[in-house]
Amino acid sequence: MMKLLLSENTNTYVISDIHGCFKTLRKLIEDIISINKDDYVFFLGDYIDKGPSSKDVLDYIILLKENNYRIYTLMGNHEKFMLDAYNEYDEKTFILYVEKICKSGNLLDENKKMNPKYLNFFKNLELYYEINNKIFLVHAGINFLKTNPFEDINTILTGKTVFDDLSLNDKIVIHGHFITEFQDIVNAIEKSEKIIPLDNGCYLNKPHRYYDYQKHGNLFCLNLRNFNYYFQKNVD
């Protein structure tokens, strides 16, 4: 397990499911929370696909890391899918997957190859963090009823958290992956629930067949120092 002991007096921001919405991410980071190099910023995965610019999102996060901001990145199921496709598909099928299925064609160069820096980014993503022995950060969920819950990668990337009273006790799981209505996210935070979702479907900025876009389309951020939350409406 990736355990971290951080100062509880330092801003520790958690952001989930950017999905290619670069302009929205930059506005949240630079205008809403205005991070500095003393802050910690945790991303819960799903940087790519769906939105207009997966490349710009990755470039921005990589640049923050290179400029010595305290950036911590988890893997989402979309990054895992991308790695699996790269390793398993033939060249033609992989190009089709990136361009058509993921809508992330700008990750490919003029020769239809993926830049090694993006592959390196995907390969070095963590699966989970435990902060100060009390807060679990994960893309989707953790099955605490299993003997080795942190070896259950499928639940970590795509499943819901399963627990009993002894599993969490005074601990909290913060996750993305499951698109959740705005007020439900706010309620979970304000009521200090044991399971807190942060994915409001940032890319949902127009009518959708499944989701009411008026209750979605925000990129959420939670500060673990004081449990204040922030959000930026989609501007991509």
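The values are calculated or read from the model by the stated rules, or taken from the named source; none is laboratory data. Owing to the predicted nature of the structure, the values given are computational and were not obtained by experimental measurement. Using ideal geometry, Cβ is built from the backbone for each residue, glycine included, and neighbour counts are taken over all protein chains shown. These area figures cover heavy atoms from the full protein model, side chains too; ligands, DNA and RNA do not enter into them. Shrake-Rupley method; radii C 1.70, N 1.55, O 1.52, S 1.80 Å.
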Rg and Dmax of the stretch 2-93, Cα atoms only, in Å:
14.6, 50
Name the shape class, rounded, prolate or oblate, that the alpha-carbon gyration tensor gives for the stretch 48-162, where a ≥ b ≥ c are the square roots of its eigenvalues, rounded holds for a/c under 1.5, and otherwise prolate holds if a/b is larger than b/c and oblate otherwise.
oblate
For residue 110 and residue 194, extending 7 Å from Cα along the Cα-Cβ vector and measuring point to point gives, in nm, a value of 5.7 nm
Mean accessible area per residue over the stretch 95-236 (1.4 angstrom probe, all protein chains present, square angstrom) is 52 Å²
Across all Cα atoms of the stretch 94-236, Rg and the largest Cα-Cα distance (Dmax), in Å, are 17.4, 54
Round to a whole number: what % of the accessible area of the stretch 102-172 belongs to carbon and sulfur, probe 1.4 Å?
46 percent
FRET E, pair residue 183, residue 7, Förster distance 41 Å, beta-carbon r, rounded to 0.05:
0.85
Summing +1 per Lys or Arg and -1 per Asp or Glu among the other residues with Cβ less than 15 Å from residue 206's Cβ gives +3
Relative contact order as a percentage, the chain, C-alpha pairs under 8 Å and 6+ apart, gives 24 percent
Could you state the number of Å between the C-alpha centres of the stretch 114-183 and the stretch 1-40?
17 Å
Within the stretch 1-116, percent of DSSP bridges classed antiparallel, to nearest 5
10 percent
Cβ-defined net charge surrounding residue 159, 12 Å radius [Lys, Arg +1; Asp, Glu -1]:
+1
What net charge is computed for the residues neighbouring residue 37, neighbours being all others with C-beta under 15 Å from the C-beta of residue 37, Lys and Arg scored +1, Asp and Glu -1?
-2
So what are the ³J(HN,Hα) numbers for the stretch 200-212, from phi and the Karplus equation (6.51, -1.76, 1.60; θ = phi - 60°), rounded to whole Hz, Gly and Pro as x?
9, x, 3, 6, 7, 10, 7, x, 9, 6, 10, 10, 7
Could you sort out which of 3/134; 160/194; 80/100; 117/233 sit more than 19 Å apart by Cα distance in this structure?
117/233
Leaving ligands, DNA and RNA out of it, report the carbon-plus-sulfur percent of the accessible area of the stretch 25-92 at a 1.4 Å probe.
41 percent
